[in-house]
Structures are given as C-alpha cells and as structure tokens.
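Novice: Following this message is one structure expressed as structure tokens.
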Amino acid sequence: MKKYLLSFLIFLLSSNITINANSYSIFGGTYDYDDDNTTNLFGLNYHMSDNEIDLINILTINPVIGGFITAENASMFYSGFETNIGADSIYFNLSSSVGIYNNGDGKDLGNDLQFKSEINIFYKISKESRFGLGSHHISNAGLATVNPGTNNYYLIYNRNF
C-alpha cells in the first residue's frame, strides 16, 4: 500500500498544471483553530491565471488577490502569488501573500501588515469547478513585538469565469 501511495504522490507532484482561465474562490471555515480566539472565517479570492509568470522554466506563478472576515469582525485584504502543482483532476495550490489586517473584536496580531502562507488541495468536479480543503497561516513575521499568528482551515469552492 505504501508503494502505491508513494507512486501516486510522485505522479501528483511531478507535473505543474495551469488553470487557463481566471477564477474566483469562496471559502469558509475556522479562524485560529488552535487558540482561545477560535471563530468562523469567510472569504473570497480572485485568481488571475491569464497573467501567469514563468520563473526560469521551473515554476509558473499567478497573481492572486483576496480578503476574509471573521465572526469577530477581524478582516484582512491581501495580494500575492500562487502556483498549482499536480495532476489535472487533483492538485495542490500554494500561495504567499502580504496584506493589511484589522483585528476588529478579534485577535490582535500585533501589526497591520501581515503575511499569509497557504496550501490548498483541489479536486476537479467539472470543467469549470473545483472543490477543495485549505489551510493558511498568518503572521507579522516578527515586525512587531506581539506576533501570535493564526492558523486557519476551510472548505473552498473555485470556479472559472
């Protein structure tokens, strides 16, 4: 069984795929799941796949912009880059973004400037639609003395347009 799983993972990670159209993702889940400030999270991302950048013929990245809000009125608006790695029907989406955070009535992350690193796994349910699971970490990268960070997870629906 381990041999088949390893073979599948090698196949999945051996190809770099590109979604040929711009898309949006709607996501919802749990904000700060490993701390006392756990609450709900809802967000939207816009993926600009028609603006892809080829990095030395090794990696293709695309711009992404988005934002989220929590049930405690914490919010973040961000922009960054992402890449898709894997097969056409199942693939990983990795992204890194920088943005402006407002803690509202939620967790104080120590600074308005925050960094977000994200990993998602998507399953293609039709030519235009994908469903996925994701997680991201938000931190100010030590730019402030207060730097608790948050870890979040969510369900995602992604659709081309």
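Bear in mind these aren't lab numbers, they're just calculated from the coordinates by the rules spelled out. Computed from a prediction, not measured in an experiment: that's the story for all the values here. A quick note on method: Cβ atoms are made from the backbone with ideal geometry, for glycine too, and the neighbour counts reach across all protein chains shown.
Novice: Across the stretch 46-62, what is the total count of residues that are in contact (Cβ under 8 Å) with a residue 12 or more places away in the chain, surrounded by fewer than 19 Cβ atoms within 10 Å (Cβ to Cβ) and not in a loop (DSSP other than H, G, I, E, B)?
Specialist: Total meeting the criteria: 8.
Novice: Select from the stretch 116-134 the residues that are among the hydrophobic types (A, V, I, L, M, F, W, C) and buried (at least 19 other Cβ atoms within 10 Å of the Cβ) and list them in ascending order. Quick ask: steps written out before the conclusion?
Specialist: The first filter runs over the stretch 116-134 and keeps only residues among the hydrophobic types (A, V, I, L, M, F, W, C), leaving 119, 121-122, 125, 131, 133.
Scanning the stretch 116-134 gives a single hit, Phe122.
Novice: Give me a count of the residues in the stretch 89-115 that are surrounded by fewer than 17 Cβ atoms within 10 Å (Cβ to Cβ), of a type in the set (Ser, Thr, Tyr) and touching a Ser or Thr at 6+ places or on another chain (Cβ under 9 Å).
Specialist: Within the stretch 89-115, residues that are surrounded by fewer than 17 Cβ atoms within 10 Å (Cβ to Cβ), of a type in the set (Ser, Thr, Tyr) and touching a Ser or Thr at 6+ places or on another chain (Cβ under 9 Å) number 1.
Novice: Across the stretch 37-71, what is the number of residues that are more than 17 Å from the chain's Cα centre (by Cα) and closer than 16 Å to Ile138 by Cα?
Specialist: 3
Novice: Inside the stretch 102-119, can you point out the residues that are in a loop (DSSP other than H, G, I, E, B) and free of Cβ contacts under 8 Å to residues at least 24 places away in the same chain?
Specialist: Asp112
Novice: Which one is surrounded by the most Cβ atoms within 10 Å (Cβ to Cβ), of the residues in the stretch 135-161 that are in contact (Cβ under 8 Å) with a residue 40 or more places away in the chain and over 16 Å from the mean Cα position of the chain (by Cα)?
Specialist: Checking each candidate, the answer is Asn160.
Novice: Can you confirm whether the stretch 73-88 contains a residue that is closer than 20 Å to Asn158 by Cβ, β-branched (Val, Ile, Thr), surrounded by fewer than 18 Cβ atoms within 10 Å (Cβ to Cβ) and under 13 Å from the mean Cα position of the chain (by Cα)?
Specialist: There is no residue in the stretch 73-88 that is closer than 20 Å to Asn158 by Cβ, β-branched (Val, Ile, Thr), surrounded by fewer than 18 Cβ atoms within 10 Å (Cβ to Cβ) and under 13 Å from the mean Cα position of the chain (by Cα).
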